[in-house]
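Structure, as structure tokens:
The values are calculated or read from the model by the stated rules, or taken from the named source; none is laboratory data. Note that the coordinates shown come from a computational prediction; the quantities given were computed from them, not determined experimentally. FYI the Cβ positions are ideal-geometry reconstructions off the backbone, even for glycines, and counts take in every protein chain you see. When the accessible area is computed, the model is the full protein with side chains, heavy atoms only, and any ligands, DNA or RNA have been set aside. Shrake-Rupley method; radii C 1.70, N 1.55, O 1.52, S 1.80 Å.
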Amino acid sequence: MHYLDIELDGIDSTGNEKKYKLSDFAGENIILYFYPEDDTPVCTQEAHEFRDAMEILKNYAKVIGVSKNNIEEHKEFQKKHELNYILLSDTENKLKQAFKDHDKFITNMHRSTFIIDKEGNIVKFWDKVDVDGHINEIFEYFKNN
């Protein structure tokens, strides 16, 4: 199955549950980031980086975080850290596997970020993301493209 068509449970920026497919965002750029687990130190730092940069990021793309955590865990994480973007629950690694199947060069999805353009194409990929400075890399990408 194509990564755009995988349906996952998620929560919007206010904690409301909804089913999402990436194809729902056709016509918008997407910053999709995979992270290992809610409320762990580095994952929380990364979540804060996206949250704190949202005023600028929203001018470029929709931000979506994805982990293996279930919806209830996402809700707690979002509320505790006042996250202001969509979180998807990929408990069975369906979306993660679809990305790997799509591109043989995508091998490490432990902590990775994708830029998906308005047509649904992956136009940028960072693997083994170093959280420190990663938001600046994303800003640089949009500034130069």
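Considering only the stretch 95-115, state which residues are exposed (fewer than 14 other Cβ atoms within 10 Å of the Cβ) and either among the acidic types (Asp, Glu) or modelled with pLDDT of 95 or more (or both). Scanning the stretch 95-115 gives ASP101, ASP103.
Remark: GLU28 matches the filter, which requires a residue to be touching a strand residue (DSSP E or B) at 6+ places or on another chain (Cβ under 6 Å), at pLDDT 95 or above and under 19 Å from ILE138 (Cβ atoms). Consider the stretch 53-92 and keep the residues that are acidic (Asp, Glu) and in contact (Cβ under 8 Å) with a residue 24 or more places away in the chain. The one that is nearest to PHE142 (Cα to Cα) is GLU82. Mind checking which residues of the stretch 82-99 are over 16 Å from ASP12 (Cβ atoms) and outside any helix (DSSP H, G or I)? Correct list: ASP90, THR91, GLU92, ASN93. A single entry from LYS124, LYS118, LYS79, LYS128 fulfils the requirement of being over 18 Å from ILE6 (Cβ atoms), in a strand (DSSP E or B) and either open to solvent by 60 Å² or more (accessible area, probe 1.4 Å) or among the small types (Gly, Ala, Ser) (or both): LYS124.
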